[in-house]
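Scroll down for the structure; my scribbles are underneath it.
The values are calculated or read from the model by the stated rules, or taken from the named source; none is laboratory data. Since the model is a prediction, treat every value here as computed from it, not as a measurement. Every residue, glycine as well, gets a Cβ built from its backbone with ideal geometry; the counts of neighbours run over all protein chains shown. When the accessible area is computed, the model is the full protein with side chains, heavy atoms only, and any ligands, DNA or RNA have been set aside. Shrake-Rupley method; radii C 1.70, N 1.55, O 1.52, S 1.80 Å.
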Amino acid sequence: MVRIAEHVRFYTRMSAFVGFLLLSMVTLVLLRAFELCTWRRIDRAPFVRRYFVVLCWLLGMRVQTHGCALENSALRVSNHVSWTDIPILGARLPLRFLAKREVASWPLIGWIARHAGTLFFQRGAGDAAAVRQALAMALEHGDSVLLFPEGTTSSGESVKTFHPRLLGAAIAAERPVQAMTIAYHRDGQIDRLVPFIGDDDFVVHLCRLLRKPAVRVDIMFHPPLTVSSSDSSSELARTLHHQVTQGLEALRIKRDTSAF
């Protein structure tokens, strides 16, 4: 009976997921057609944010937030557990995203990501300076950009070293930086299904998520940091890493003591 329920859950959620993504594509195509006909640029941010809200629900992500998100333009940084971090955080904040270039080729998700104004980079291509400049320009134009300073995903049990180079974009643009901690829990324990690590394949990982019941996601917003042109990106990286690490520990204590 358990296996039958799991199969029913999977096919129901997969059908809804695919239908939703196709509807998203149709909507974005219509928006683009309208722009071409009227020569008017339409702000996609409100549409994308609503898409992310629905996407999180379809994926079974039940989100709780702690602390207050900064409303103004800022560089947002977070620990990185999975590709699901993006829709979860994007559903709560108007954000542009920085993602590895292969995300652009993912089925449907990549197409939507490109239309959402995602900034793509090639890992190991030596284009850090160009990416940092693009980030600084986005911040100067009043956008908020999400950055994962670990540079890769993790199991969610700890926070890897924060790389400082791209954090220099906030210093160059003199925009505040707000750290966020994200943690996934299932049945009172750190979730082992959501982390997208190693050689995980996107479609296989998606199917794995859709087969299982909902997972609890906690987001902790930390006090924003004000930066200036005289600040050190290395010191900024250490401070942000400390905030996120402390946040992960605080969420773990809350989980272990059932204080949620």
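Which of the following residues is assigned to a loop (DSSP other than H, G, I, E, B) and under 21 Å from Gly110 (Cα atoms): Val54, Val81?
Val81
Quick check on my filter: what residues within region 210-247 are farther than 26 Å from Ser73 by Cβ, touching a strand residue (DSSP E or B) at 6+ places or on another chain (Cβ under 8 Å) and open to solvent by less than 20 Å² (accessible area, probe 1.4 Å)?
Val215
Here's the yes/no breakdown for (1) at pLDDT below 90; (2) surrounded by fewer than 19 Cβ atoms within 10 Å (Cβ to Cβ); (3) of a type outside the set (Val, Ile, Thr):
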{"residue": "Ala74", "(1), (2), (3)": "no, no, yes"}
{"residue": "Arg92", "(1), (2), (3)": "no, yes, yes"}
{"residue": "Glu102", "(1), (2), (3)": "yes, yes, yes"}
{"residue": "Gly110", "(1), (2), (3)": "yes, yes, yes"}
{"residue": "Leu119", "(1), (2), (3)": "yes, yes, yes"}
{"residue": "Val131", "(1), (2), (3)": "yes, no, no"}
{"residue": "Glu140", "(1), (2), (3)": "no, yes, yes"}
{"residue": "Leu146", "(1), (2), (3)": "no, no, yes"}
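Can you tell me which of (1) outside any loop (DSSP other than H, G, I, E, B); (2) surrounded by 15 or more Cβ atoms within 10 Å (Cβ to Cβ); (3) touching a residue at least 60 places away in the same chain (Cβ under 8 Å) is the one Ala172 doesn't meet?
In the conditions (1) outside any loop (DSSP other than H, G, I, E, B); (2) surrounded by 15 or more Cβ atoms within 10 Å (Cβ to Cβ); (3) touching a residue at least 60 places away in the same chain (Cβ under 8 Å), Ala172 misses (3) alone.
With touching a Leu at 6+ places or on another chain (Cβ under 7 Å) and among the charged types (D, E, K, R) as the only criterion, which of Arg208, Arg165 stands out?
Being touching a Leu at 6+ places or on another chain (Cβ under 7 Å) and among the charged types (D, E, K, R) holds for just one of Arg208, Arg165, which is Arg208.
State all residues of region 38-72 that are open to solvent by 20 Å² or more (accessible area, probe 1.4 Å), in contact with a helix residue (DSSP H, G or I) (Cβ under 8 Å, 6 or more places away or on another chain) and among the β-branched types (Val, Ile, Thr); if no residue qualifies, say none.
Matches in region 38-72: Ile42, Val54, Val63.
Out of curiosity, is Leu135 open to solvent by less than 20 Å² (accessible area, probe 1.4 Å), assigned to a helix (DSSP H, G or I) and not polar (S, T, N, Q)?
yes
Looking only at region 175-202, how many residues end up being outside any loop (DSSP other than H, G, I, E, B) and open to solvent by less than 70 Å² (accessible area, probe 1.4 Å)?
Qualifying residue count, region 175-202: 12.
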